[in-house]
1. Between a residue in the stretch 123-141 that is part of a helix (DSSP H, G or I) and any residue that is buried (at least 18 other Cβ atoms within 10 Å of the Cβ) and small (Gly, Ala, Ser), which pairs come within a Cβ distance under 8 Å, given they are 6 or more apart or on different chains?
2. Is it the case that TYR101 is surrounded by 13 or more Cβ atoms within 10 Å (Cβ to Cβ) and not β-branched (Val, Ile, Thr)?
3. Scan the stretch 115-135 for residues that are of a type in the set (A, V, I, L, M) and either modelled with pLDDT under 90 or surrounded by fewer than 18 Cβ atoms within 10 Å (Cβ to Cβ) (or both) and jot them down.
4. Out of all the residues in the stretch 156-165, is one or more β-branched (Val, Ile, Thr) and not in a helix (DSSP H, G or I)?
5. Among (1) part of a helix (DSSP H, G or I); (2) surrounded by fewer than 20 Cβ atoms within 10 Å (Cβ to Cβ); (3) not hydroxyl-bearing (Ser, Thr, Tyr), where does ARG153 come up short?
6. For the stretch 1-114, list the strands (runs of 3 or more DSSP E) that sit wholly inside it and hold at least 3 residues that are farther than 28 Å from ASN131 by Cβ, modelled with pLDDT under 90 and not small (Gly, Ala, Ser); which are they?
Amino acid sequence: MQLKFPRIMAKPSAGLQWQSCRPCLWLLSHLSLPAGYIGLLFYALVWEAGNIVSLPTKQIGFYNFCLWNQKAEELDCLPFKDLEKLGISKVALVLSRVCVYSTPVLCLFVATTVLQALWFKDKDGWKLVRNLLVVVTVILPVGLALFSLQTRRWIHVSELGEVFAALAGAQVLLLLHEIITAMYLAQFKDTLSPEELFPPKGPLRSV
């Protein structure tokens, strides 16, 4: 008589499942977050021309300052040279433009550096990504703060539109990417190659 014993199938533990899924989650986060904040920045600053307030009776942005003219019953856009008459500092306005509009350029550089660091598994590349994200997460709110201080008399919180929401969302994604990059460096600091993306220059061979 042959005895039959039930087969016990070993189920993978939750820890093993997490270990197998973790590289995919790291990869998805490093690819999706740059796509998210780059898309938001280009939408706000290029597609919407950086207009923080865009109403039928008022348009105020980094390159537009249009107020409603009651006599002409139309928007009256002031040139840059006349803004000082309203108490707006030209220096602060230019600095705010430089800070805000340099953000998408740096983010494009971050995205390309992330792709190179993922391909080469280079520690120096990830450090460069982390440092660039620190710079971007600082200059974007600084530029918005400078602009808000100069135009606070004409902008109310209830008038802030999609551009401000897109810039705020981009800032949140940038901070999240910075945190994830720091965690990634701390988690894989022993497995990343120290010098592959930027190899040292060796001595020239004599012919």
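1. The qualifying pairs are GLY125/ALA117; TRP126/ALA117; LEU128/ALA117; VAL129/ALA117; LEU140/ALA170.
2. Working: surrounded by 13 or more Cβ atoms within 10 Å (Cβ to Cβ): yes; not β-branched (Val, Ile, Thr): yes.
The answer is yes for TYR101.
3. First, pick out the residues of the stretch 115-135 that are of a type in the set (A, V, I, L, M): 115, 117-118, 128-129, 132-135.
Answer for the stretch 115-135, where residues must be of a type in the set (A, V, I, L, M) and either modelled with pLDDT under 90 or surrounded by fewer than 18 Cβ atoms within 10 Å (Cβ to Cβ) (or both): LEU115, ALA117, LEU118, VAL134, VAL135.
4. The initial filter retains those residues of the stretch 156-165 that are β-branched (Val, Ile, Thr), namely 157, 163.
If we keep only those that are not in a helix (DSSP H, G or I) as well, we get none.
No, because not a single residue in the stretch 156-165 is β-branched (Val, Ile, Thr) and not in a helix (DSSP H, G or I).
5. (1)
6. Numbers: elements: 51-55, 58-61, 65-69, 74-77.
Counting at least 3 such residues, we get 65-69, 74-77.
The values are calculated or read from the model by the stated rules, or taken from the named source; none is laboratory data. Being a predicted model, the structure only gives us computed values, none of them experimental. Positions of Cβ are backbone-derived with ideal geometry, glycine not excepted, and every protein chain shown enters the neighbour counts.
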